[in-house]
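See below for the structure under consideration.
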Amino acid sequence: MARRGLLLILSSPSGAGKSTLTRRLMAWDPALRFSVSATTRAPRPGEVDGRDYHFLQRAAFEALVVAGGMLEHAEVFGNLYGSPRAPVEAAMAEGRDTVFDIDWQGGQQIRQAMRDDVVSVFILPPSMRELERRLQTRGQDSAEVIAGRMAKSRDEISHWAEYDYVLVNHDLDATETDLVAIIRADRLRRDRQPDLSAFVRALNAEEEPR
C-alpha cells in the first residue's frame, strides 16, 4: 500500500551527535532524503550547488519566501538560509521521508507549516561536561568558540519540551536504534497510509469463506 512520506526533524546542541546520527540514518535507509537548504551566501571552495546548498540570489530567495516556497527561513550574519518546500512535498507524495538537521527555530517553523506530517526528535547530551568534552575532542574550535557554543547549547536545550521525542545520547549505537524504532513506528501510523480505507473496504467486500 502507498504511504505518505514524513518529515523527520532532528535538533540538538552542537556536539550532542545530531549530524552523526543523521549520517547513520541515511546509511540505514538510502531512500531517506536529506533536506538540502537554500542560501544566499556565496559557495565556498569545494561546495556544489544542489548537494551542499541551493545557492540563490537574494531576490530569488525572497520571492520564494513571499510565494510560500520556503518551509522555514532565517537570516544569519547577513545571509538568508531556508528549506525549500517543493522538493519536500514531492518526496512526501512519493512516499519518501525527509530528514532535517535543523535548530529549534527552524523546526518550529516547519511544524507550524506541516504539523500533521512532522516527527520531531531532540537529542540531549548525557551531561554538559560530556558535551564540552566532545566539542574539545573535535579539535576544530578555539576555547573561545567552544565557550560560545556551550552558552548557546543551554538556550537550545531549553526547547526540549517542544519535541515529540527526546533521546539522551549516552551511546551512539543505542540512540540510533531508538531513532530507527521511532521512524518505523511512525511510518505505520494510520494517517500515513492513505490506501488503508480502500483496503479495508475490499476486505469487507470479500465473500465469507464457506
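Derivation of every value follows stated rules applied to the coordinates shown; laboratory data play no part. It should be emphasised that the depicted structure is a prediction, and the values quoted were computed from it without experimental measurement. Cβ: placed from backbone, ideal geometry, glycine included. Neighbour counts: every protein chain shown.
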Segment 1-66: trypsin sites (Lys or Arg not before Pro) in DSSP loop, at most 13 other beta carbons within 10 Å
Arg51
Residues meeting the amide H criterion for Asn169 (H placed from the backbone, H to H distance under 5 Å, 5 or more places apart or on another chain) are Leu124
Residues with amide H under 5 Å from that of Arg33, placed H, sequence gap 5 or more:
Asp97, Thr98, Val99
For Rg and Dmax of the Cα atoms in Å, pick the label among (i) 33.6, 122; (ii) 19.7, 78; (iii) 22.0, 68 that corresponds to the value derived from the coordinates.
(ii)
Other residues with Cβ under 11 Å from the Cβ of Asn169 give, with Lys and Arg +1 and Asp and Glu -1, a net charge of -3
Work from the charge dipole of segment 1-148 (Cβ charges, +1 for Lys and Arg, -1 for Asp and Glu, about the Cα centre) and give the residue of Leu25, Ser83, Ala147 farthest towards its positive end.
Leu25
Given the C-alpha centroids of segment 117-181 and segment 19-67, what is the distance between them in whole angstrom?
22 Å
